[in-house]
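The values are calculated or read from the model by the stated rules, or taken from the named source; none is laboratory data. Just so we're clear, the structure is a prediction, and the values are computed from it rather than from any experiment. Cβ: placed from backbone, ideal geometry, glycine included. Neighbour counts: every protein chain shown. Side chains are part of the model used for accessible areas, which takes the heavy atoms of the whole protein and leaves out ligands, DNA and RNA. Shrake-Rupley method; radii C 1.70, N 1.55, O 1.52, S 1.80 Å.
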Amino acid sequence: MDYDVLIVGAGVVGLSCSAILSSAGLSVLCVERHTSFGSETSSRNSEVIHAGIYYPQNSLKALLCVAGNRSLYDWCNKYQVPHRRLGKYIVASTEDELSKLESIYSNSQKNDVPDISRITQSEINRMEPNVRAMEALFSASTGIIDSHKLMESFEYVARENGCDFAYNHKLVSIEKLNVCFKSTLILPDNNKFDVKTNFIINSAGLESDNIAAMAGIDIEKENYRLHFCRGHYFRIKSSKKHLATHLIYPIPPSHGLGIHLTIDMNSELKLGPDTDFLENNIYNYTVSEELKDKFYSAASLYLKGLEREDIYPDQAGIRPKLRATGDEFRDFIIQDESDKGLPKLINLIGIESPGLTCSIEIGKMVKNMVMG
């Protein structure tokens, strides 16, 4: 056997799995089609350490996020990954949003989210004088993180444990043999190379449904088909960074968490993401100037002192959603495919937000599945 485990994809979750599985003494190869780690969803997001407030009780997203919040802060402290436990306000700006705020609070209690409290209008006026809110919730354990440095730390630990990384290598076929998998990779020089492993961890992010199909799973029948959802970001000019000192989230719409205000590690402010489903799952990261009015209008509902000329296009990311427009909640798929005749293939599909926060806990869950 060439390796115990092949991990497909070097995003934040694939890297976490690489670090944790190699720490358990397993021989691991992590293959990534791009020239470096985290080139897609993992580097194009809000970089928020979530608390687990919104997700349905006992869902993987809720359980892994609440645990992941703690384990991620612990990891950051141990490996000196830049982060800040800023705290987040979820604001009700109108009378009819108050009942929704109450529902969010109730859900956070069901999920055992720590350090969350109700905030009156006068309290939020004192803490965030530029925020327009009738009431709010404050999540003290929500924070921000340098996602690149986090991924760098995962890769460092994995390499120290003997994990091999094959960047600029593309997986093109998976064959189930009697006792193992044979995976074929295309190398940077276009030659092909076969690798045999006991396990395959499909952590391919935006391509994870296609990798599952490559392994022989009917992704339509199993409801594994992903839907690309672009989220745009606009940045607020530096002279207005005094407008907020915490993360500010509106009451979430049916998809996503709404156009919220986040703060980066340099204390600069940005708005986003919105929700824009892409037809035919195309890779399109453009941010149109025409979206400015939409972002300005959304932010102005809860932020005073912002002018239209204060914001400008920043970046876009694409989320691998299992849920299409109008669908109900879909949880992460973290699945050993024994019941489909593919034991030791572990699919990680639909790992969108709060995937970054959950990354260490997903790695631990995968390790438990591998180690039995």
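Assorted remarks:
- Averaging the sequence gap over all C-alpha pairs within less than 8 Å and six or more residues apart, then dividing by the number of residues, gives the chain a relative contact order of 24 percent.
- P(r) tail for the stretch 118-226: Cα pairs beyond 16 Å make up 75% of the total.
- For the listed peptides 295-305, 332-342, a ranking on the average number of other beta carbons within 10 Å per residue, highest first, reads 295-305, 332-342.
- The stretch 84-153 and the stretch 214-243 have Cα centres spaced 22 Å apart.
- Extending 7 Å from Cα along the Cβ direction at residue 123 and again at residue 182 yields two label points whose distance is 6.4 nm.
- Over the stretch 37-170, the ratio between the Cα radius of gyration and 2.2 N^0.38 Å evaluates to 1.27.
- Sum of -39500 (n - 2.57) over DSSP H runs of 4+, divided by residues of the chain (222 nm, nearest 500): -8500 deg cm²/dmol
- Cross-link pairs 241/270; 192/364; 170/196; 170/192 - those with Cα-Cα distance over 21 Å: 192/364
- With R₀ fixed at 30 Å, the C-beta to C-beta distance from residue 74 to residue 265 puts the FRET efficiency at about 0.95.
- Binned Cα-Cα distance frequencies in the stretch 38-92 - 5 Å width, integer %: 4, 16, 20, 25, 24, 10, 2, 0
- Here the chain has 46 percent of its accessible surface on carbon and sulfur atoms, given a 1.4 Å probe and all protein chains in place.
- Per-residue SASA remark: residue 35, around 110 Å² accessible (1.4 Å probe; ligands, DNA and RNA not included).
- Extension reserve of the residue 220-residue 237 stretch, reckoned as 0.36 nm per residue once the Cα distance is removed: 1.7 nm
- Each Lys or Arg adds one and each Asp or Glu subtracts one; over the other residues with Cβ under 13 Å from the Cβ of residue 367, this totals -2.
- At 1.306 mPa s and 10 °C, Stokes D of the stretch 210-249 from Kirkwood alpha-carbon radius, µm² per second: 110 µm²/s
- Fraction of C-alpha pairs exceeding 13 angstrom in the stretch 324-372: 63 percent, rounded to a whole number.
- Percent of beta bridges antiparallel (DSSP, the chain, rounded to nearest 5): 70 percent
- Tilt relative to the chain, helix 147-160 - C-alpha long axis, 0 to 90 degrees, to 10: 30 degrees
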